[in-house]
Structures are given as C-alpha cells and as structure tokens.
Amino acid sequence: MIDLRSDTVTKPPLAMREAIAAAEVGDDVFEEDPTVQRLEQAAAERLGKEAGLLTASGTMGNLVALLTHASPGDEVILEADSHIFNYEAGGAARVAGLMPRLVSGRRGTFDSKQLAAVLRPDNIHFPPTTLVCMENTHNASGGSVLDQPTVQETAAYARERGLALHLDGARIFNAAAAADVEPAELCEPFDSVMFCLSKGLAAPVGSVLVGSRGFIQKARQRRKLLGGGMRQAGVIAAAGIYALEVMAKRLTEDHRRARCLADALTGLGLTVMNEVATNIINIRLSGDLSAYALLSAWRSAGVAALPRDEKNIRLVLHYEISDDDVTAAVAALAQILG
Ligand SMILES: Cc1ncc(COP(=O)(O)O)c(C=O)c1O
C-alpha cells in the first residue's frame, strides 16, 4: 500500500527501534527517567526555550498548554481552521473551560488588525481574553508555512495587550525546513510551543511542549491532571531523540516529492488548491468526480488517501513514500481517470 493518508502512519525505522530497545529508563513521574530528560532538554534547545515536557499526543500537549496559560471562563483566540478548534474533540471548551473566539487567517496567518477586531474591551460584560494560539505549519490550508513577519507583528501586538501566545507546531520542523531557518526562529514569538514526534518525524508516539521553566513546571501538574504522567517513558523518549537527531534532517525530501506529485496531478487535469510548501497536497475535484469514488478506485490500485469531503482530497508525503511510489501512484490515478 502506498499510504498517503497522513504522516502519522509512519512506522519507526529499524535504528529507532534499536534506540527504543537500548533506552535507559526510570520513573518519569518522579522525574527520574534520564532519556525523557534528555529528549525534553534537546527539544527545548532546538525550539529556543528553557524546558520541555513529553506528552502522549499533540492533542494532549495543546490541551496542557491551554490549561496552563488560561483559566476556566477565559476567552482564547483560535484560528478558524485550526486543529485545536476543529479536531481536538472540543477539549478547549470541555476540559479547559475556555471560550474560543475565532479569527480567519489567510493560509493560517492573521495580522494584528484581525486580532484587534476580535479582542474585547476590558468590561464586566465580557470574558477576559488571555491567550492567542497559532498553528505552523497550518494543516487545513495544506501544510502552509505562516508568514513570519506577520506572525511577529501579531505577536508583538498580543504581547502589548498582555496576552500569552501558544504555537501548535505539530509540524514545526516541516515549517523550518521549508523556510530554511532554525525552528527556534519560528518559535521565538511564542511563550509555548507543542510539536509532534509521531508525524513526519516517524516516532511511534509522543509530542513535546516547550516553554519557560516556570511554565513547564506548571504544565507538568496539568499533564498529571489529564492522566498524562507516564512512568518508564524513556522508551518513547528514545524514539523522540532519534526523531529529532535523524528524521528532522530529511523533511525537505518529502517536500520535494510533494511538489513532484502535485505537478503530476496537475498534469492529469486535477486542481491542486495549495502552494505545496511542505508535505501536504489539497486537491479539489471538479465536474462529476466524487472524492469517495475516486479514492475507492485508487485504493483498489494500492494507493490510500483521505477525503476532506465529497470534492476535496488530502495527500500527505512522508519518509515511507519513495520517488517510485510517487510515480506508481500517479500512473494508477492516470489509469482511473483515463
Ligand atoms: C496541526 C495539528 N495539531 C495537533 C495535532 C494533534 O496531534 P495528535 O494526533 O498527536 O493528537 C495534529 C494531528 O494531526 C495536527 O495536525
């Protein structure tokens, strides 16, 4: 199967499995797991923050961040197509007790004027706004890399207003690779950043939340509250260290293949909706073509991808997809469309 459904389908490579087997471990709730500590420190350094906290998933990392920055009844500014708002089971409202207020970005990026328009004045009728979240890369718009000067300008304005800033950087290493900068540069405007080990970096499980030492100390308590305190988690962290040291260095290959695939699909008459800056391609079908029917036929030919809806398909590149796989996937689709 040529699996283009998501970069989350990636299985740990052999060397990563060996690192898992060799991991030195301890009880991480007692903060005695040396491998977890190594991962948390390495992640914090790569992202330019003081400290890190391993979480079971990206959803948990984002939720821990929300619970740490804000209090129940606060308003949080989220981008309208963000993962936190749309795909995290409503945890911001249900678990953190926050009131989401939405701002519609352009490929995920919103400016200070847009932010100003949704901020409420200080008045007893309104909930206090305490937090602004952004997402880089922005999944729904096809793995777009946020426009960094605009991010900086919006963040400076948020800071003037006394707001905290959290980045859902599930794919921040893809963003950094595409922008050809260190991830720390993209994370600089934010108080906290969550990134995932288990997507394009191919670890079997885990995300890391980074921020100041004080923030992470508080976040550790929020993680415990969610049942996220893990014991000999060094087996997870060892995979994470390999992900950071090895897998994060090869993401531009996925981006190159994504552009090749997008060009070939355009050549078949399909409409690619995004600029394909990283590893995600959004396709919109025209005429009578149904995403469900097309994907069913493609799957019978050995290629899996996910529909966004009846007319939209998402394809995601990752380290298990080779140049030959791209060629084979295009050939199979050409036959179906032909
Ligand atoms: C942008 C973004 N944030 C957060 C998450 C959540 O990560 P997880 O699936 O590990 O909970 C995802 C997952 O796809 C994502 O794409």
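Working only within the range 87-99, note down all residues that are within 14 Å of the ligand (Cβ to nearest atom) and assigned to a helix (DSSP H, G or I).
To start, the set of residues in the range 87-99 that are within 14 Å of the ligand (Cβ to nearest atom) comprises 87-92, 95.
Those that are within 14 Å of the ligand (Cβ to nearest atom) and assigned to a helix (DSSP H, G or I): 91, 92.
Within the set of pairs 6+ apart or on separate chains, which have a first residue in the range 57-72 that is near the ligand (Cβ under 7 Å from one of its atoms), a second that is hydroxyl-bearing (Ser, Thr, Tyr), and C-beta atoms under 6 Å apart?
Note: pairs meeting the criteria are 57/207; 58/207.
Please tell me if residue 102 is in the same structural domain as residue 165 (by TED's automatic domain parsing), part of a helix (DSSP H, G or I), in contact with a strand residue (DSSP E or B) (Cβ under 9 Å, 6 or more places away or on another chain) and away from the ligand (no atom under 15 Å from the Cβ).
For residue 102, the condition - in the same structural domain as residue 165 (by TED's automatic domain parsing), part of a helix (DSSP H, G or I), in contact with a strand residue (DSSP E or B) (Cβ under 9 Å, 6 or more places away or on another chain) and away from the ligand (no atom under 15 Å from the Cβ) - is not met.
Across the range 28-74, what is the number of residues that are β-branched (Val, Ile, Thr) and either in contact with a Leu (Cβ under 7 Å, 6 or more places away or on another chain) or in a loop (DSSP other than H, G, I, E, B) (or both)?
Looking only at that region, the number is 3.
Residue 327 - would you say it is of a type in the set (Ser, Thr, Tyr) and more than 16 Å from residue 171 (Cβ to Cβ)?
Details: of a type in the set (Ser, Thr, Tyr): yes; more than 16 Å from residue 171 (Cβ to Cβ): yes.
Judged against the criteria, residue 327 is a match.
Residue-by-condition table, conditions (1) touching a residue at least 24 places away in the same chain (Cβ under 8 Å); (2) among the hydrophobic types (A, V, I, L, M, F, W, C); (3) closer than 18 Å to residue 195 by Cβ:
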site	(1), (2), (3)
246	yes, yes, yes
252	yes, no, yes
255	yes, no, yes
261	yes, yes, no
276	yes, yes, no
284	yes, no, no
296	no, no, no
301	yes, yes, no
314	yes, no, no
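Only one of (1) more than 13 Å from the ligand (Cβ to nearest atom); (2) touching a residue at least 60 places away in the same chain (Cβ under 8 Å); (3) surrounded by 24 or more Cβ atoms within 10 Å (Cβ to Cβ) fails for residue 154. Which number is that?
Of (1) more than 13 Å from the ligand (Cβ to nearest atom); (2) touching a residue at least 60 places away in the same chain (Cβ under 8 Å); (3) surrounded by 24 or more Cβ atoms within 10 Å (Cβ to Cβ), only one is false for residue 154: (2).
Taking the conditions exactly as written (β-branched (Val, Ile, Thr), closer than 29 Å to residue 325 by Cβ and either away from the ligand (no atom under 16 Å from the Cβ) or touching a residue at least 24 places away in the same chain (Cβ under 8 Å) (or both)), does residue 84 satisfy them or not? Write out each step before concluding.
Details: β-branched (Val, Ile, Thr): yes; closer than 29 Å to residue 325 by Cβ: no; either away from the ligand (no atom under 16 Å from the Cβ) or touching a residue at least 24 places away in the same chain (Cβ under 8 Å) (or both): yes.
So residue 84 fails the test.
Any idea how many residues of the range 236-291 are under 28 Å from residue 15 (Cβ atoms) and not polar (S, T, N, Q)?
26
Which of (1) in a loop (DSSP other than H, G, I, E, B); (2) surrounded by fewer than 16 Cβ atoms within 10 Å (Cβ to Cβ) is the odd one out, the single condition residue 185 does not satisfy?
Status for residue 185: all satisfied but (1).
Across the range 115-150, what is the total count of residues that are within 23 Å of the chain's Cα centre (by Cα) and either surrounded by fewer than 23 Cβ atoms within 10 Å (Cβ to Cβ) or part of a loop (DSSP other than H, G, I, E, B) (or both)? If you could, list the steps in order and put the result at the bottom.
Start the filter on the range 115-150 by keeping residues that are within 23 Å of the chain's Cα centre (by Cα), which leaves 115, 130-150.
Within this subset, residues satisfying the condition of being either surrounded by fewer than 23 Cβ atoms within 10 Å (Cβ to Cβ) or part of a loop (DSSP other than H, G, I, E, B) (or both) are 115, 130, 136-137, 139-143, 145-150.
Count: 15.
In the range 299-338, what residues are among the acidic types (Asp, Glu), part of a loop (DSSP other than H, G, I, E, B) and within 24 Å of the chain's Cα centre (by Cα)? Lay out the reasoning, then the answer.
Here is the first cut: in the range 299-338, the residues among the acidic types (Asp, Glu) are 309-310, 320, 323-325.
Imposing the further condition that a residue be part of a loop (DSSP other than H, G, I, E, B) reduces the set to 310, 320.
320, the sole residue that qualifies.
In the range 178-200, how many residues are without any contact (Cβ under 8 Å) to a residue 60 or more places away in the chain and within 15 Å of the ligand (Cβ to nearest atom)?
Looking only at that region, the number is 3.
This table checks each residue for (1) farther than 15 Å from residue 75 by Cβ; (2) assigned by TED's automatic domain parsing to the domain that holds residue 259; (3) out of contact with any Leu (no Cβ under 7 Å at 6 or more places or on another chain).
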| site | (1), (2), (3) |
| --- | --- |
| 109 | yes, no, no |
| 121 | no, no, yes |
| 127 | no, no, yes |
| 140 | yes, no, yes |
| 147 | yes, no, yes |
| 151 | yes, no, yes |
| 159 | yes, no, yes |
| 170 | yes, no, yes |
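Does the range 158-167 contain at least one residue that is touching a Pro at 6+ places or on another chain (Cβ under 6 Å), buried (at least 24 other Cβ atoms within 10 Å of the Cβ), under 15 Å from residue 44 (Cα atoms) and touching a residue at least 12 places away in the same chain (Cβ under 8 Å)?
no
The values are calculated or read from the model by the stated rules, or taken from the named source; none is laboratory data. Worth saying up front: this structure is predicted, and the values here are computed from it rather than measured. Methodologically, a virtual Cβ is constructed for each residue, glycine included, from the backbone with ideal geometry; neighbour enumeration extends over all protein chains shown.
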